[in-house]
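Q: Here you go, one structure.
Every read-out reported here was derived from the displayed coordinates using simple, explicitly stated rules and does not represent laboratory data. The structure presented is a predicted model; accordingly, all values stated were derived computationally and were not measured. Here Cβ is always computed from backbone atoms with ideal geometry, including for glycine, and neighbour counts include all displayed protein chains.
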Amino acid sequence: MLFRGIISLSLIGTAIATGRPSSTSICDYYTTGLLKDNTAKNQYALLTLLVNTAVIGNYTEPSNGVLVPGILNPKGMYNGVPVNLLPYFNGCFVSTNTGEAYDLKNNPPKSVNFLDGGGAAPLMNNMPASDMTSAQYFLLTHLYQYFGALLGCSKYGTTDFPAYGGEGSLYRVHQYMGLDSNEVNYFITQVGLSAASFGVAQSDINIVASTLSKTFGYKCSPPVTIIPAQGPVLDSICTGSNCPKDPNAKCELYDNNYGNSPRPAVAPQCMSQSSSSMAPSPTCPGQYTVTVTVTKKPKQTHMWCHKNWQSGDEHKWCN
């Protein structure tokens, strides 16, 4: 089961509450629980905390002991399989779609550094980036907005919580990445761990996990509506060879060889780096550190850009 690890981890801490009324969205409920006032600014702040933690791992004290390795951790692991999503973000993979149709000749993928707005440092300060014109700012704010819609934020689409302004089809966004099942599930797992670290109840983590898995984790899924203003779009981002096919597959709607994308090429500036431990590109910011106190554990240090991350049966931090 996709979230079995997250579900057990979520039991380590005390959830804000286990009885969220069905009439109250996950976003509204936990905004009130964590930040008291259910305002647009607080809802946006909640999404900032959840997304930033999922991306870079714990940067505030996880009072319930839930450790989040982070999407950018190059030593990620899912079901015993090594996962490294960092090259998709730092420009080391030629995998970004800057146009529309899947067309390797007329609309080839590009190498784009999405850590060009200060990297981890602004995220640790609850910001998307240090430069509002950066690709990093574009990516992170769109993630806040997208998850705001997904989690039912009632203030979504207001002045203090802008509506999602990105590409409607996430298949289009990810069409050149060739993401496999382990990579997609690792990403989703970090979202769930982030939620668990803030005390989100197991039942609500299950809802989020199921939605993300159903929407993104299958090959050739039929159109679905996540952003109401954009209507039904193709959202399958799992296009690798080991991705399970959606039971209601509509592969004829996918222009990447019926839902199949090859692995991306390594960008020239990263050719000299080991493919198994792809380090940040030369434009990635230097190492940043943050000390996190974990319940019943000694102080540990989170290193950026993850050059010395240790792997093991349970999450470990650099000293």
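Q: With N residues in the range 101-169, what two-decimal value do you get for its Cα radius of gyration over 2.2 N^0.38 Å?
A: Relative to the 2.2 N^0.38 Å estimate, the range 101-169 comes out at 1.31.
Q: How big is the equivalent ellipsoid of the range 15-153 along its three axes, where each semi-axis is √(5λ) from the Cα gyration tensor, reported in whole Å from largest to smallest?
A: The answer is 30, 18, 16 Å, longest axis first.
Q: Using only the Cα atoms of the range 204-262, each taken as one equal point scatterer with no solvent, compute I(q) by the Debye sum, divide by I(0), and report log10 of the ratio at q = 0.18, 0.23, 0.28 Å⁻¹.
A: Ignoring solvent entirely, the Cα scatterers give -0.60, -0.90, -1.14.
Q: For Y156, Y137, what's the fewest-to-most ordering of other Cβ within 10 Å of each Cβ?
A: Values: Y156 24, Y137 20.
By the 10 Å Cβ count, ascending, the order reads Y137, Y156.
Q: Mind checking Rg over Rh on the range 130-172, alpha carbons, Kirkwood formula for Rh?
A: Checking Rg against Rh, the ratio lands at 0.99.
Q: Using only alpha carbon positions, build the gyration tensor of the range 32-101, then give the equivalent ellipsoid semi-axes as the square roots of 5 times its eigenvalues, largest first, whole angstrom.
A: Taking √(5λ) for each eigenvalue gives 29, 20, 9 Å, largest first.
Q: Of the listed pairs K219/K250; K214/K250; K155/K214; K110/K250, which have alpha-carbon separations greater than 19 Å here? Spell out each step's value before the answer.
A: On the way: K219/K250 9 Å; K214/K250 14 Å; K155/K214 25 Å; K110/K250 27 Å.
With Cα atoms farther than 19 Å apart: K155/K214; K110/K250.
Q: Beta carbons within 10 angstrom, averaged per residue: use that to sort the peptides 182-195, 249-262, highest first.
A: Ranked from most to least packed, the peptides come out as 182-195, 249-262.
Q: Continuing with the same structure: Ranked highest first by the average count of other Cβ atoms within 10 Å around their residues, in what order do 111-123, 158-170 fall?
A: Details: 111-123: 22.5, 158-170: 16.2.
The densest-packed peptide leads the list: 111-123, 158-170.
Q: Continuing with the same structure: Below 16 Å, Cα to Cα, which aspartates and glutamates can K105 reach? Residues fewer than 8 away in the same chain don't count.
A: D255
Q: Now for a different question. Could you work out the Rg to Rh ratio of the range 91-227, with Rh taken as the Kirkwood radius (inverse of the mean 1/r over all Cα pairs)?
A: Over the Cα atoms of the range 91-227, Rg/Rh equals 0.96.
Q: For V83, what residues show an amide H to amide H distance below 5 Å, using hydrogens built from the backbone and excluding near sequence neighbours?
A: G76, M77, Y78
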